[in-house]
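Peer 1: Dumping the structure here so I can ask a few things about it.
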Amino acid sequence: MATQAKVKKRDRERTKNKILKAVGEVIEQHGTEKVGVNLIARQAGVNKVLIYRYFGGVDGLMEQYVKIGQYTSNSSNEFIDNLEAPSPENRAKVWTDILTTALSDLRKRKATRDLIRWELGAGKPVLSDARNDVGSRMIEKVGPLPNYPNTNALLALLIGGIYHLTVSADYRDKMMEVDLQSEEGWNQIEKAVKDIVMALDK
């Protein structure tokens, strides 16, 4: 009986992962306006009832999509759980690594950029709520910058800037004369993020 239960649990997890993977595929192929239970179920090759059973619907599915790392690799619960709490003097370095990884992921993941556009255009709070939850857990784990008391506002500003710049790169070439279509331009932006965090922590 125990073995049967393990098999069922493994099958359930495999099905959930197929559904979550299908979210990104649907967005990549059809855009966010096509995100819906029927198309995601068809893409995943599962009965749509399973989406309601496992996620409660599209909003629950999107929330889980953020939390398992499909959004960015360091937004997953697994990443945060395995993150070692740094000493205060190393927090600035950890935060710059987290921010630059998010920047890199967003540049690579069109589906995530499309979700950001969809969230802003449709006024969907579910992604914001999920990201805020992830952000709160990460701040609790990493800790604030010891020499800058307003770490939350700083991170909000930098993350917002990263979102805007990566999304903007899909339809514009430059921002303030920084080339958004070249590695050199993105290296400048990445360096600016690091410089800001490190300077404010002195």
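Peer 1: Right, Y65: of a type in the set (S, T, Y), within 27 Å of V193 (Cβ to Cβ), outside any helix (DSSP H, G or I) and modelled with pLDDT under 80 or not? Let's see the steps before the verdict.
Peer 2: Values: of a type in the set (S, T, Y): yes; within 27 Å of V193 (Cβ to Cβ): yes; outside any helix (DSSP H, G or I): no; modelled with pLDDT under 80: yes.
Answer is no for this residue.
Peer 1: Could you grab me the full set of residues in region 161-184 that are within 24 Å of E28 (Cβ to Cβ) and of a type outside the set (A, V, I, L, M, F, W, C)?
Peer 2: Passing the criteria: Y163, H164, T166, S168, D170, Y171, R172, D173, Q181, S182, E183.
Peer 1: Quick one: what pairs do we get from region 9-31, first residue farther than 9 Å from Q43 by Cβ and not assigned by TED's automatic domain parsing to the domain that holds A111, second aromatic (F, W, Y) and in a helix (DSSP H, G or I), C-beta under 6 Å, 6+ apart or different chains?
Peer 2: Listed by first residue and then by second, the contacts come to K16/Y54; L20/Y65.
Peer 1: Say we look at region 151-180 and pick out the residues that are of a type outside the set (A, V, I, L, M) and in contact with a strand residue (DSSP E or B) (Cβ under 8 Å, 6 or more places away or on another chain); which of these is nearest to T72 (Cα to Cα)?
Peer 2: The extreme case among them is S168.
Peer 1: While we're here: Across region 192-202, what is the number of residues that are surrounded by 14 or more Cβ atoms within 10 Å (Cβ to Cβ) and charged (D, E, K, R)? Working first, answer last.
Peer 2: The first filter runs over region 192-202 and keeps only residues surrounded by 14 or more Cβ atoms within 10 Å (Cβ to Cβ), leaving 193-194, 196-198, 200-201.
Filter once more, keeping what is charged (D, E, K, R): 194, 201.
Qualifying residue count, region 192-202: 2.
Peer 1: I'd like the full set of residues that are surrounded by 13 or more Cβ atoms within 10 Å (Cβ to Cβ), without any contact (Cβ under 8 Å) to a residue 60 or more places away in the chain and among the aliphatic types (A, V, I, L, M), limited to region 168-191.
Peer 2: M175, V178, L180 - these are the residues of region 168-191 that are surrounded by 13 or more Cβ atoms within 10 Å (Cβ to Cβ), without any contact (Cβ under 8 Å) to a residue 60 or more places away in the chain and among the aliphatic types (A, V, I, L, M).
Peer 1: For the subset of region 148-174 comprising residues that are of a type in the set (S, T, N, Q) and over 11 Å from R113 (Cβ atoms), which member is nearest to the chain's Cα centre (by Cα)? Can you show your working first?
Peer 2: Kept after step one, since they are of a type in the set (S, T, N, Q), are these residues of region 148-174: 150-152, 166, 168.
Applying the additional criterion that residues be over 11 Å from R113 (Cβ atoms) yields 150-152.
Details: N150: 23, T151: 19, N152: 17 Å.
In this case the residue turns out to be N152.
The values are calculated or read from the model by the stated rules, or taken from the named source; none is laboratory data. In this text, all values refer to a predicted model and were calculated from it rather than measured experimentally. Methodologically, a virtual Cβ is constructed for each residue, glycine included, from the backbone with ideal geometry; neighbour enumeration extends over all protein chains shown.
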